[in-house]
Amino acid sequence: MNIAGLRTRITIQRNETVTDKYGNHKSVWDDYFSCWATAVTSGLSSSEKEAAGTTVEEDRLDITVRYSSEIAEVDSKRYRILLGDRIYNIVSIDEMGFKHHSRKLHTKLVER
């Protein structure tokens with residue numbers, strides 16, 4: 001793994017359910033872990049789709065991070081990535097040969 005390529009700071013957030021003082025359950029995103037990563041646009045980044053009569057570009061990003069105990073816990077269901085002011089959902093995770101050196105997170109930009 002090229003350590004010099006890890007020059008993008010990302011924050012990984014975890015989805016948790018909290019209960020307010022009235023007993024209502026609410027889903028919130030809490031910061032889980034922050035680390036350096038390599039962010040590269042994937043080959044699918046130029047795809048477009050139509051939504052509600054308008055053409056929307058799908059922005060996909062492949063994020064590679066060093067393996068750690070915190071990163072080992074990350075899955076595509078309960079976690080997401082913050083990169084600057086953009087939010088990316090994790091679509092899938094590549095274990096990079098199961099050697100525990102790095103993990104590649106395949107992500108998709110969240111439309112807001």
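Hey, could you check the range 90-112 for residues that are acidic (D, E) and not in a strand (DSSP E or B) and say which is modelled with the lowest pLDDT?
Looking only at the range 90-112, we keep the residues that are acidic (D, E), and these are 94-95, 111.
When the remaining residues are screened for being not in a strand (DSSP E or B), the result is 95, 111.
Numbers: E95: 88, E111: 79.
Per the criteria, the residue is E111.
Would it be correct to say that S45 is small (G, A, S) and either at pLDDT 90 or above or more than 17 Å from T8 (Cβ to Cβ) (or both)?
On the way: small (G, A, S): yes; either at pLDDT 90 or above or more than 17 Å from T8 (Cβ to Cβ) (or both): no.
When the stated conditions are applied, S45 does not pass them.
Condition check ((1) at pLDDT below 85; (2) part of a strand (DSSP E or B); (3) surrounded by 13 or more Cβ atoms within 10 Å (Cβ to Cβ)) across all residues:
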position	(1), (2), (3)
I10	no, yes, yes
T17	no, yes, no
D30	no, yes, no
F33	no, yes, yes
E50	yes, yes, no
T55	yes, yes, no
K77	no, no, no
Y88	no, yes, yes
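Here's the yes/no breakdown for (1) among the hydrophobic types (A, V, I, L, M, F, W, C); (2) in contact (Cβ under 8 Å) with a residue 12 or more places away in the chain; (3) in contact with a Lys or Arg (Cβ under 7 Å, 6 or more places away or on another chain):
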{"residue": "D75", "(1), (2), (3)": "no, yes, no"}
{"residue": "R78", "(1), (2), (3)": "no, yes, yes"}
{"residue": "L83", "(1), (2), (3)": "yes, yes, no"}
{"residue": "I87", "(1), (2), (3)": "yes, yes, yes"}
{"residue": "V91", "(1), (2), (3)": "yes, yes, yes"}
{"residue": "E95", "(1), (2), (3)": "no, no, yes"}
{"residue": "F98", "(1), (2), (3)": "yes, no, no"}
{"residue": "K104", "(1), (2), (3)": "no, yes, no"}
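The values are calculated or read from the model by the stated rules, or taken from the named source; none is laboratory data. Keep in mind it's a predicted model, so treat the numbers as computed, not measured. For neighbour counting, all protein chains shown are included, and Cβ atoms are generated from backbone atoms with ideal geometry for every residue, glycine included.
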